[in-house]
Each structure stands twice: as C-alpha cells, then as structure tokens.
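Participant: One structure, as structure tokens, below. Some questions next.
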Amino acid sequence: MKSKIGDWFEYDWPIEGKTARFAVDLAHKYAGKTDEYPYLFFVNCASKKKIGLSERFKIRLFANHLKLMIEPMYVGSIKTKKQVQYYFYAKSNAMLDEAKALAKKQRSLRCRVDCIHEPMWDTYFNVLCPDDAKKQTEKNRETLELMEKHGYSLSSTRRISLHMYFPSEPKLLEFAEAARLGGFAIGDTEFMPEQTLPHGIIIIHLSSLRKKEIDDITTRAIVLAKQYGGTLNYWDCPK
C-alpha cells in the first residue's frame, strides 16, 4: 500500500529470524516529529496461508477504509509471507473503538488494530527508518543483480572482501582484532587521504552470493565497525 507521494525506501530485515520487507516514507525523517499526529496506530492483518493476490486486495481495502476513518499520516509497513503491519500516525485516538470493530468484521483475515500515544515517533525513527546496515541490504541487492547479469553464479562459495574505513590507524587496529575474533580473516590495509575516514582495511569472509548470506555478513561488519567510528565502503569478490 505504498503511497505514490513521499520519499519511500524499502529494504529486507529479519524479524524473529525470518526475513521481512520494510517500507518507510523518509519524507518525515528530516522534518522531525509532527506534534499534531501523536497517536500511533498499528494495523496488523494476518492469514493462515501465504498472502496472495486476493488477500493483498482485501488487506488494502481494509487499510484504506481505516485511513478514511482516522485520517492519519501513513508512514510505513512491515510485510512477511503471512502478515502485513501498517503504521499510521493520527491526530487523536477517538476512532480506536470503531477501528477495532471494523477489524473484527474481517472474515478471511485475522486483523487487529492497536494504538499508543507516541508523540516522539519512536517507532518511526527507531524501527522503520533504516540505519547504515539496513541501507546496505538494498545496495547488496543492486550489486548481486548486476553480478548475476555478468555471469556470476550466486550459489558458489566465494572470497568476499569488505573494504572498511576508519578515522585513525589505532581505531583500525582495534577493529581488525575484533573482526578476527568475530570470524573474519584480515587482509591488506588501504589508505585514502582524500576521504573523511582515510584508514582502510580489508576483511574477508567465505560465502555464497545469496542475498541473505551477504546481508548477514555486511550487517555484522557494519555493526562492529561502528563501535570504532568506522564504516563499510564497499565489498567485492573474484568471479
């Protein structure tokens, strides 16, 4: 139910060990919280089987009915194979009982509506908005699609080289030891004086080019590097 307006970004991220598809309207991120919309409505629709075209159509109808009822700001969603959760911020919770009653009327779906007072938009900023690791998952998708077009086999095990950069050599060395203990092999150092983070090092991991595995590797590297003021520039591997 992504709106045609706004600055929408989508990415894959695990929930309870299973991959989910997140969508968020980043148009609100830089404007900050909106005091006029302090109530967060969670709208969850689930199916016993995998959600198909028919279920998606019914979920959209239900969500659109709710939008007309509570007149909210739609900020994002999380979708898995069997459920969809929408996030709306509203001016008041006056229509909560009516929204819950509408949810109970849904026959072929299990729908639930909840609401909390959240004036700081914590869910939007801390759950939906992507950090560097989440943004990297979409860069991974683009890279892997390009590799497949150029003849790479995505199922073969390869030497994945991650180029990590830091503000100083001591921070780089601290990271390198932590990465080694975390299961990465340590490769050559690099130096790019024109960059804000000039001190680089290559860390290596064996993996297939399946997206889930690459996402796991880049997330681990980014989260670890952040502790030392560093970041992932890019990754590559031999054909």
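Participant: Which of (1) aromatic (Phe, Trp, Tyr); (2) open to solvent by less than 80 Å² (accessible area, probe 1.4 Å); (3) closer than 30 Å to residue 132 by Cβ is the odd one out, the single condition residue 62 does not satisfy?
Facilitator: (3)
Participant: If we keep just the residues of region 175-232 that are within 23 Å of the chain's Cα centre (by Cα) and part of a strand (DSSP E or B), which is surrounded by the fewest Cβ atoms within 10 Å (Cβ to Cβ)?
Facilitator: Out of the qualifying residues, it is 207.
Participant: I would also like to ask the following. Scan region 190-211 residue by residue and report those that are among the charged types (D, E, K, R) and over 20 Å from residue 133 (Cβ atoms).
Facilitator: Hits for region 190-211 are 190, 194.
Participant: Here is a further query. Would you please list the contacts, defined by Cβ atoms under 9 Å and residues six or more apart or on different chains, that run from a residue in region 63-84 that is among the aromatic types (Phe, Trp, Tyr) to a residue that is open to solvent by 50 Å² or more (accessible area, probe 1.4 Å) and in a helix (DSSP H, G or I)?
Facilitator: 74/67
The rows are residues; the columns are (1) modelled with pLDDT of 95 or more; (2) more than 24 Å from residue 46 (Cα to Cα); (3) open to solvent by less than 70 Å² (accessible area, probe 1.4 Å).
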{"residue": "80", "(1), (2), (3)": "no, no, yes"}
{"residue": "89", "(1), (2), (3)": "yes, no, yes"}
{"residue": "102", "(1), (2), (3)": "no, no, yes"}
{"residue": "149", "(1), (2), (3)": "no, yes, no"}
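Participant: Hey, does region 152-173 have a residue that's in contact (Cβ under 8 Å) with a residue 24 or more places away in the chain, touching a Ser or Thr at 6+ places or on another chain (Cβ under 8 Å) and among the acidic types (Asp, Glu)?
Facilitator: Checking region 152-173: not a single residue is in contact (Cβ under 8 Å) with a residue 24 or more places away in the chain, touching a Ser or Thr at 6+ places or on another chain (Cβ under 8 Å) and among the acidic types (Asp, Glu).
Participant: Let me ask something else. For a quick check of your reading of the model, give me the residue pairs whose first member lies in region 122-149 and is closer than 20 Å to residue 75 by Cα, whose second is among the polar types (S, T, N, Q), with beta-carbon atoms closer than 7 Å and at least 6 apart or on different chains.
Facilitator: That search, which allows pairs on different chains as well, returns 132/231.
Participant: May I pose another question? Across region 151-166, what is the number of residues that are surrounded by 15 or more Cβ atoms within 10 Å (Cβ to Cβ) and not in a strand (DSSP E or B)?
Facilitator: So the answer is 2.
The values are calculated or read from the model by the stated rules, or taken from the named source; none is laboratory data. What you see is a predicted model, and the numbers here were worked out from it, not measured in a lab. Cβ: placed from backbone, ideal geometry, glycine included. Neighbour counts: every protein chain shown. Surface accessibility is based on the protein's heavy atoms, side chains included, excluding ligands, DNA and RNA. Shrake-Rupley method; radii C 1.70, N 1.55, O 1.52, S 1.80 Å.
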